[in-house]
Amino acid sequence: MVTGWVAEVVALVALGAVLAVATLRPLGLPEAVAAVPAAALLVLLGVVSPERALAEAGELGPTVGFLAAILVLAHLADREGVFGWLGVRLATASRRRPTRLLGLVFVAASVTTAVLSLDATVVLLTPVVLGTATRLRVRAEPSVYACAHLSNSASLLLPVSNLTNLLAFAATGLTFTAFAGLMTLPWLVAIAVEYVVLRLFFRAELRGAPSGPDAVARAEPAGESDGGPAPKAALAALALTLAGFGVCGTVGVQPVWVAVIGAAVLAGLVVARGRADRRFPAELVTAASPLFCVFVLALGVVVAGVTAHGLGTVLTALLPERPTLLGLLGAAALAATLANLVNNLPATLALVGVLGPGSHPGLVLALLLGVNIGPNLTYLGSLATLLWRRVLTGRGAAPSTARFLRLGVLATPVTLLAAVLALWLSLAVAGA
């Protein structure tokens with residue numbers, strides 16, 4: 001069994017290897033290919049005890065179950081035409097005006113991220129937005145970059161909006177509605193600041209439509225539709241699911257069961273309309289991303305090893321103890337920095353683990369501001385941002401790394417500062 005500084009080195013190397021594979025995905029391999037062996041190795045070497053590994057997996061179980069259910073829910077919503085219908089509405093309402101399209105995308109991406117999670121914005125909405133801009137022959141960059149930023153910044157509102165929120169929700173000690181109440185103002189402020197920054201950053205592209213498609217809008221339109229009536233049944237199911245999230249805490253029901261019921265209702269709708277074939281069950285399993293869910297469980301074990309052997313001590317020394325304005329700013333800045341160094345998922349696991357039970361909810365929420373807004377600075381900060389880049393690259397519209405970084409440098413610090421100030425005000429008004 002390894003101990004001391006050797007255990008620290010082994011844990012850090014394991015985490016680095018897991019993040020490298022998750023970021024680069026050599027040969028298209030899933031993230032779990034590195035995470036599961038790394039977690040097993042740490043247990044075999046005694047860096048993480050079997051009891052700690054099982055406890056970590058048990059704590060993450062409901063969160064991972066919710067993640068799987070919400071991914072299926074988003075997939076079924078797309079299958080029922082929600083995102084295709086949304087693309088047509090965006091094209092019609094924009095009136096071929098780039099600034100109007102950007103504003104509409106901000107609304108659509110913010111709501112999609114908050115209700116269906118950031119993965120839906122990246123995987124389902126981004127191709128629709130790209131296709132809409134292509135069809136209208138307006139510059140696509142402002143709108144697709146907005147999808148990337150809002151998949152992170154607009155994921156502050158609900159516990160279900162981001163996996164990081166789910167990981168930290170229990171540590172806040174808040175109900176679903178109390179969480180949303182405290183995060184509403186930071187959510188609105190972050191979106192508003194992002195909008196102002198993107199309007200200024202892309203002012204040249206937003207002046208008017210070019211005579212031909214630009215470099216970012218050369219892909220074939222994705223998610224297009226000829227229009228038609230709104231998918232009312234699917235939209236109603238999504239609305240009821242969201243309402244269920246709001247009341248589940250008051251009746252002692254875990255959000256995961258609300259998501260499962262919502263997904264089951266949409267799946268039943270598909271079957272009732274005769275749109276399901278014998279491959280439908282396998283399609284739902286694929287939509288749940290079981291390998292990614294396993295990756296999250298294994299990552300939790302790896303992060304437990306790192307936190308127990310060095311990182312936890314450092315973070316304990318750096319984390320503030322009181323939710324003063326300076327304390328909130330310090331917690332958010334630390335979380336944003338750590339997210340860009342090791343990715344926001346392990347950063348959240350490490351920070352919540354260090355805070356432990358009984359921490360002030362304001363500090364936990366400040367950490368969430370950091371791990372959710374901070375990843376807009378670099379590609380490594382969030383798996384969603386990496387996935388966004390992969391989605392665009394796969395459609396022949398690879399984003400510019402240099403431009404992404406320039407926009408991140410301009411937008412991230414000011415957005416984080418404004419959101420922290422809004423959180424501080426929300427806590428003061430609520431008396432928390």
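The values are calculated or read from the model by the stated rules, or taken from the named source; none is laboratory data. This is a predicted model, so every value here is computed, not measured. No Cβ is skipped: glycine too gets one built from the backbone with ideal geometry, and neighbour counts run over all protein chains shown. Keep in mind that these areas ignore ligands, DNA and RNA; they rest on the heavy atoms of the full protein, side chains included. Shrake-Rupley method; radii C 1.70, N 1.55, O 1.52, S 1.80 Å.
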The residue from W388, W424 that alone is out of contact with any strand residue (DSSP E or B) (no Cβ under 9 Å at 6 or more places or on another chain) and open to solvent by less than 10 Å² (accessible area, probe 1.4 Å) is W388
**Message:** Among the residues that make up segment 258-266, is at least one of them surrounded by 18 or more Cβ atoms within 10 Å (Cβ to Cβ) and on the phi > 0 side of the Ramachandran plot?
**Reply:** no
Per the filter on segment 112-126, residues out of contact with any Phe, Trp or Tyr (no Cβ under 7 Å at 6 or more places or on another chain) and either under 17 Å from L76 (Cβ atoms) or free of Cβ contacts under 8 Å to residues at least 12 places away in the same chain (or both) are T112, V115, L116, S117, D119, A120, T121, V123
TODO: Determine whether segment 60-78 contains at least one residue that is touching a Gly at 6+ places or on another chain (Cβ under 9 Å), assigned to a helix (DSSP H, G or I) and closer than 20 Å to L392 by Cα.
DONE: yes
Of those in segment 244-263 that are aliphatic (A, V, I, L, M) and within 15 Å of T175 (Cβ to Cβ), the residue nearest to the chain's Cα centre (by Cα) is V258
Of those in segment 85-128 that are among the charged types (D, E, K, R) and farther than 28 Å from V270 by Cα, the residue most open to solvent (accessible area, probe 1.4 Å) is R95
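Results for (1) open to solvent by less than 20 Å² (accessible area, probe 1.4 Å); (2) closer than 25 Å to P159 by Cβ; (3) among the aromatic types (F, W, Y), shown as yes or no for each residue.
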position	(1), (2), (3)
A32	yes, yes, no
L41	no, no, no
E56	no, yes, no
G61	no, yes, no
L67	yes, yes, no
* Asked: Hey, any hits in segment 127-148 for a residue that's among the acidic types (D, E) and modelled with pLDDT under 90?
  -> no
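Yes or no, residue by residue, for (1) among the β-branched types (V, I, T); (2) open to solvent by less than 50 Å² (accessible area, probe 1.4 Å):
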| site | (1), (2) |
| --- | --- |
| T3 | yes, no |
| A7 | no, yes |
| A14 | no, yes |
| R25 | no, no |
| V36 | yes, no |
| V47 | yes, yes |
Can L158 be described as modelled with pLDDT of 90 or more, over 16 Å from the mean Cα position of the chain (by Cα) and buried (at least 20 other Cβ atoms within 10 Å of the Cβ)? no
Filtering segment 355-377 down to residues that are part of a helix (DSSP H, G or I) and open to solvent by 20 Å² or more (accessible area, probe 1.4 Å) yields L355, P361
The condition of being under 19 Å from V36 (Cα atoms), part of a helix (DSSP H, G or I) and either in contact (Cβ under 8 Å) with a residue 60 or more places away in the chain or in contact with a helix residue (DSSP H, G or I) (Cβ under 9 Å, 6 or more places away or on another chain) (or both) holds, among V306, V256, V352, only for V306
Picking from R95, R25, the residue that is on the phi > 0 side of the Ramachandran plot and within 19 Å of the chain's Cα centre (by Cα) would be R25
Check your understanding: open to solvent by 10 Å² or more (accessible area, probe 1.4 Å), under 13 Å from the mean Cα position of the chain (by Cα) and not hydroxyl-bearing (S, T, Y), is that true of V82?
Key -> no
Scanning segment 301-340 for residues that are surrounded by 20 or more Cβ atoms within 10 Å (Cβ to Cβ) and more than 26 Å from L416 (Cα to Cα), the one modelled with the lowest pLDDT turns out to be H309
Per the filter on segment 92-121, residues aliphatic (A, V, I, L, M) and modelled with pLDDT of 90 or more are A93, L101, L102, L104, V105, V107, A108, A109, V111, A114
